[in-house]
Amino acid sequence: MGSHVIYEWIYVGAVVSLLIWVGAEAWYGEKLLHEVPKDHITIKVTGQQWFWTFEHPDGKREVGTLHLKAGKVYKFEITGKDVIHAFNIPHFAVMIDAVPGRINTIWVKIPEDAVGEYLIQCREYCGLLHYNMRANLIVEA
Amino acid sequence: MVIEIAKPRPLWQILFSTHHTDVALLYLITSIVFLMLGGALALTIRTELLTPGTTIIGDADLFNRIFTVHGTTMLFLWVLPFISGVGNYLVPILVKYKDMAYPRLNAVAYWMAVPGAALIWLGWSDTTWMAYPPYSTMRAAGPAADMWIFGLKILGLSSILGAINFIVTILKCKHPDLPMMKTSLFVWSILVTSMMTLAALPTFTAALIMLYTDRLGVSGFFDPARGGDPIAYQHLFWFTFHPEVYIFLLPAVGMAYELIPKFSRKPIFSYGSGVIAFVLLSIIGFASWAHHMLATGLTFTEKTVFMIGTLAAVPMSAMHVFNWMATMWGGRIKFAAPMKFVIGGIMLFFTSGAGGVVNTTLPLDFITHDTYWVVGHFHMMLMGTVSFIFMGFLYYMFPLITGRMYSERLANVHFWFAFIGTALVFTAMHIVGLYGMPRRVWDYVPDPTIIALNQIATIGAYLIGIGMAVFIALLIRDSVKGKPADMRDPFGIGEIYYDYRRREPHH
Ligand code: HEM
Ligand SMILES: [Cu+2]
Ligand SMILES: [Cu+2]
């Protein structure tokens, strides 16, 4: 049997190389996402049982609906008021927890041709109406 | 042969016994009962999700309680007691000792699980099995959440007592003629997971006390208004429960090592590689806990560290798979039920392993985290691999426990329903997660694709349900009426079966 163990080492080597490659790609991708482009617009997002509130830079507040402009870069500053929620726009892969006592940030560039209506939802269990903690994202031209 | 069905013993003799096979039997019966109860809850959940809006459960409150109790039951009242059951049966036999090191402590550990289970099932909490604060401390209704906390506390203590007992039995009571490097890999798996239990569990035990005092309002560990931090709980929780997922998995890996060489009629490809993979994983398993928290707002450096820690644990699982394949390679495989379940389990292990790698790939976790994808991932592992190998192993031990043989034909029916069902449910869940469906929801967006995928998942769940109904019927019927087994080699694979011994007198 002994000499066959070499195959196992070759195989382990292949698995490890594959993982290093995956890890490096992931690290690089995450790094790109980490740098928020300079010309962004900041939106303050607050989650509470069981609705979302949005505050624009000019102080205008919206509840349950968020109006954004196509082609712009937005940075969301997200927090939770009562329990932990998670701010999620599935269509644009925006997702981060809304944690009481913390502000988490995430950014997104809305493509030029993305005019339309999208779903905003909560993705962290937050009690009775978690399933229905949704809001509307309206992307305008 | 332990429950001598032909010559029954009074029930109280088994209940009050401290003999390892009796305690093992209690553990096994308990775990199977809870597998069925937890399964009934799962079918209820899937039925509710068959259509958008109310299907059978009128409100989200009941639904939330059902999935909380389902998750808690499956992890702590099915997987863990089953491991203790098989460990109790086999570890003393495999290390050639007359019993566990501390037989009375062993019985105490079992009997602690009973009030623990009762608290969970009578309380009916809605905190989810992770009980994240501030929901669990400020909003979750009492007394359900308090009962859940105490239930887990008792179960945790019972696990720690069990782990100490296994470690001492293996290290101190092993027969002097049996070197550690010749001891069965199943014993190794119990040894490393017991050590992991001792290292991992105290953290969660502390976190439970903190949850409780926070609930009482006398402390604010997790309350930002009092200077606490809810994320601190998640670190404590996952420091215990990421290693714990290996505590669930490794005994199944050890059982696969027991079965594969026997049913392939070939020696194990590399015993040494199995030991190395166990020991390394038990250490590296502690370096990845925060991969469950990638969306909580960790810094870039923290995320990188935990991604590396997670990926570093993958080669060990890959080594086990290689070892199994190489052992089967060129063997004369006997496809009896135990082997079918092991092979099915290994096939599903690939899917869940690959899915896990996707989860930890940083930018992708934002797509999968807290969606049904994650539910698909861990069920592929816990149902597809862990529970499959457990059920296969139960078939293997059936003659040892009952002195009888199970019906291979029914076991085959059980296997195919369970296998096809599992593949369907959890694949559909992965996909519906990619469509953005969050986990832990009583209702979903009525989009045609999402509805269709949910219905496929529900049909798959019913197939598993049919398989499990056959399983339980078989277990009951054949332990009473099965034909007597050939106790030297019940499976006709030319291997000596476990050292068949009459029960020794009571302690
Ligand atoms: C190849 C090995 C594995 C990798 C790389 C891996 C990775 C991950 C990651 C990154 C997550 C977090 C996903 C998220 O919530 O965003 C996760 C979740 C989970 N994994 Fe794995 N995993 C592996 C194997 C296992 C095993 C062996 C088990 C159990 C036997 C397991 C059980 C779980 C559970 C229970 C969860 C979800 C916990 C929850 O949120 O309720 N995984 N896995
Ligand atoms: Cu929520
Ligand atoms: Cu983990």
*Does region B:124-132 contain any residue that is in a helix (DSSP H, G or I) and touching a residue at least 24 places away in the same chain (Cβ under 8 Å)?*
no
*Total residues in region B:133-159, condition more than 14 Å from every other protein chain (Cβ to nearest Cβ), closer than 28 Å to B:Asp229 by Cα and assigned to a helix (DSSP H, G or I)*: 12
*Filter region B:191-218 for residues that are open to solvent by less than 20 Å² (accessible area, probe 1.4 Å) and of a type outside the set (A, V, I, L, M, F, W, C) and give the result.*
B:Thr193, B:Ser194, B:Thr197, B:Asp214
*When region B:360-380 is examined, which residues are found to be open to solvent by 20 Å² or more (accessible area, probe 1.4 Å), more than 7 Å from every other protein chain (Cβ to nearest Cβ) and within 18 Å of B:Val305 (Cβ to Cβ)?*
B:Leu364
*Evaluate the following for B:Ile170: is it out of contact with any helix residue (DSSP H, G or I) (no Cβ under 9 Å at 6 or more places or on another chain) and at pLDDT 95 or above?*
no
_Looking only at region A:100-118, count every residue that is farther than 20 Å from A:Lys31 by Cα, open to solvent by less than 60 Å² (accessible area, probe 1.4 Å) and touching a Gly at 6+ places or on another chain (Cβ under 6 Å) and tell me the total._
1
_Options B:Gly421, B:Gly403, B:Gly384, B:Gly376; residue that is touching a strand residue (DSSP E or B) at 6+ places or on another chain (Cβ under 8 Å) and over 20 Å from B:Lys334 (Cβ atoms)_ = B:Gly403
*Mind checking which helices (runs of 4 or more DSSP H) fall wholly inside region B:321-419 and carry at least 1 residues that are within 16 Å of ligand 3 (Cβ to nearest atom) and small (Gly, Ala, Ser)?*
B:337-360, B:372-379
*Please indicate, with yes or no, whether at least one residue in region B:77-85 is more than 22 Å from B:Ser184 (Cα to Cα) and touching a helix residue (DSSP H, G or I) at 6+ places or on another chain (Cβ under 8 Å).*
yes
*asked:* Here is a list: B:Ala101, B:Ala109, B:Ala60. Which entry is more than 16 Å from ligand 2 (Cβ to nearest atom) and either over 20 Å from the mean Cα position of the chain (by Cα) or within 14 Å of chain A (Cβ to nearest Cβ) (or both)?
replied: B:Ala101
*Any residue in region A:26-43 that's within 9 Å of chain B (Cβ to nearest Cβ): show its pairings with residues that are surrounded by 16 or more Cβ atoms within 10 Å (Cβ to Cβ) and of a type in the set (D, E, K, R) at Cβ separation under 8 Å, as long as the two are six or more apart or on different chains.*
A:Glu30/B:Lys303
*Would you be able to tell me the number of residues in region B:222-251 that are away from ligand 3 (no atom under 16 Å from the Cβ) and hydrophobic (A, V, I, L, M, F, W, C)?*
4
*Just for region B:225-256: of the residues that are in a loop (DSSP other than H, G, I, E, B) and surrounded by fewer than 19 Cβ atoms within 10 Å (Cβ to Cβ), which one is nearest to ligand 2 (Cβ to nearest atom)?*
B:Asp229
*asked:* Looking at A:Leu137, A:Leu119, can you tell me which residue is hydrophobic (A, V, I, L, M, F, W, C), more than 16 Å from ligand 3 (Cβ to nearest atom) and in contact (Cβ under 8 Å) with a residue 40 or more places away in the chain?
replied: A:Leu137
*asked:* Out of the residues in region A:66-85 meeting the condition of being among the hydrophobic types (A, V, I, L, M, F, W, C) and touching a helix residue (DSSP H, G or I) at 6+ places or on another chain (Cβ under 9 Å), tell me which one is farthest from the other protein chains (Cβ to nearest Cβ).
replied: A:Ile84
_Count - residues of region B:275-296 that are of a type in the set (Ser, Thr, Tyr) and within 11 Å of ligand 1 (Cβ to nearest atom)_ = 2
_Qualifying residue in region A:68-80 (condition: aliphatic (A, V, I, L, M), closer than 25 Å to B:Lys303 by Cβ and surrounded by fewer than 21 Cβ atoms within 10 Å (Cβ to Cβ))_ = yes
_Criterion (within 16 Å of ligand 1 (Cβ to nearest atom) and within 14 Å of chain B (Cβ to nearest Cβ)) met by exactly one of A:Asn88, A:Asn132, A:Asn136_ = A:Asn88
_What's the number of the only condition in (1) closer than 21 Å to B:Ile120 by Cα; (2) open to solvent by less than 10 Å² (accessible area, probe 1.4 Å); (3) not in a helix (DSSP H, G or I) that B:Phe222 fails to meet?_
(1)
_When you check A:Ala93 against the structure, is it under 17 Å from B:Tyr372 (Cα atoms) and either away from ligand 2 (no atom under 16 Å from the Cβ) or modelled with pLDDT under 95 (or both), yes or no?_
yes
*Selected residue (criterion: nearest to B:Ile389 (Cα to Cα)) from residues of region B:79-110 that are open to solvent by 10 Å² or more (accessible area, probe 1.4 Å) and of a type in the set (A, V, I, L, M, F, W, C)*: B:Ile83
_Of the residues B:Leu294, B:Leu259, B:Leu281, only one is open to solvent by less than 40 Å² (accessible area, probe 1.4 Å), more than 11 Å from chain A (Cβ to nearest Cβ) and farther than 28 Å from B:Phe471 by Cβ; which?_
B:Leu281
*Please specify each residue of region A:96-132 satisfying the condition of being within 15 Å of ligand 2 (Cβ to nearest atom) and under 15 Å from B:Tyr132 (Cβ atoms).*
A:Asp97, A:Ala98, A:Val99, A:Pro100, A:Cys122, A:Arg123, A:Glu124, A:Tyr125, A:Cys126, A:Gly127, A:His130
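The values are calculated or read from the model by the stated rules, or taken from the named source; none is laboratory data. Just so it is clear, the model here is predicted, and its values are computed rather than measured. Quick reminder, even Gly has a Cβ in these numbers, built from the backbone with ideal geometry, and neighbours come from all protein chains shown. Heavy atoms of the whole protein, side chains included, go into the accessibility calculation; ligands, DNA and RNA do not. Shrake-Rupley method; radii C 1.70, N 1.55, O 1.52, S 1.80 Å.
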